[in-house]
Structures are given as C-alpha cells and as structure tokens.
Amino acid sequence: MVWEEYDPEWLAQLAEQQRPNEGWLPEAIRRCTRCYPKGESYYYFVSNEKANQPGSEWQFDYNITLGDKRHGIIILDILKGNRVGGFEFIDKYY
C-alpha cells in the first residue's frame, strides 16, 4: 500500500453540518491525514489488511452516510473505538 497525505477538512465540515449529534465525528475525521486511495471511489485511512481478524487495525463497527452536492452519497466506515477507517463515494461506484 502506498499512503498519501490527505486533507480531510471538507469531510469534517460536512460531518459537522449533517451529524451534529455525533460531536466526536469531525475530530475523528480530522485525524485522518493520510490515505490509501483504492480507485476513484474508496479511500482508506486505516489498513484493512486481515480486516476484522485479531490484531488487525481494521475492526469494523458500523457505517455513517453523508451527502454532498459535488460527490453525492458518501459512506464512512466507522471502526471500533470511533475511528474512521475510510470512505466511499457511492455515486462514483455505481
């Protein structure tokens, strides 16, 4: 995996606007300053190697959906401990 620097501010602001009851989310997103882009539709912030296996960084918990005028529907993968594992631009995939 080749990791790149990433500025998550646009996504954090979107979360602030659309998920005001989840005050932890914008700050969790702001900690995501490197990414591994998988194609044009998915960006990993945490390695998914051996996902959900003991010892893996990637321990999936649930999804959060956001909407954006430019990017359409965005699905955030939330990992255990309220970590953002990555996100997917659904409209670019389908």
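The values are calculated or read from the model by the stated rules, or taken from the named source; none is laboratory data. Everything quoted here is computed from the prediction, not taken from an experiment. Please note: Cβ atoms are built from the backbone with ideal geometry, for glycine as well, and neighbour counts cover all protein chains shown.
Residue-wise test of (1) of a type outside the set (A, V, I, L, M, F, W, C); (2) within 23 Å of M1 (Cα to Cα); (3) at pLDDT 95 or above.
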position: A12; (1), (2), (3): no, no, yes
position: R19; (1), (2), (3): yes, no, yes
position: A28; (1), (2), (3): no, yes, yes
position: G39; (1), (2), (3): yes, yes, no
position: N63; (1), (2), (3): yes, no, yes
position: D68; (1), (2), (3): yes, no, no
position: R83; (1), (2), (3): yes, yes, yes
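Select from the stretch 53-75 the residues that are without any contact (Cβ under 8 Å) to a residue 24 or more places away in the chain and among the aliphatic types (A, V, I, L, M) and list them in ascending order.
To start, the set of residues in the stretch 53-75 that are without any contact (Cβ under 8 Å) to a residue 24 or more places away in the chain comprises 53-57, 59, 61-63, 65, 69-73, 75.
Across the stretch 53-75, the qualifying residues are I73, I75.
Of all strands (runs of 3 or more DSSP E) completely enclosed by the stretch 1-93, which ones contain at least 2 residues that are of a type in the set (A, V, I, L, M, F, W, C) and surrounded by 12 or more Cβ atoms within 10 Å (Cβ to Cβ)?
Details: elements: 34-38, 42-44, 60-68, 72-79, 83-89.
Filter on the stretch 1-93 gives 60-68, 72-79, 83-89.
Out of the stretch 1-14, which residues are under 18 Å from I73 (Cα atoms) and over 11 Å from the mean Cα position of the chain (by Cα)? If you could, list the steps in order and put the result at the bottom.
At the first step, the residues of the stretch 1-14 found to be under 18 Å from I73 (Cα atoms) are 8-14.
Passing the criteria: E9, W10, Q13, L14.
Any residue in the stretch 12-36 that's farther than 19 Å from N48 by Cα and touching a residue at least 40 places away in the same chain (Cβ under 8 Å): show its pairings with residues that are among the charged types (D, E, K, R) and buried (at least 16 other Cβ atoms within 10 Å of the Cβ) at Cβ separation under 7 Å, as long as the two are six or more apart or on different chains.
Close Cβ pairs satisfying both conditions: L25/R19.
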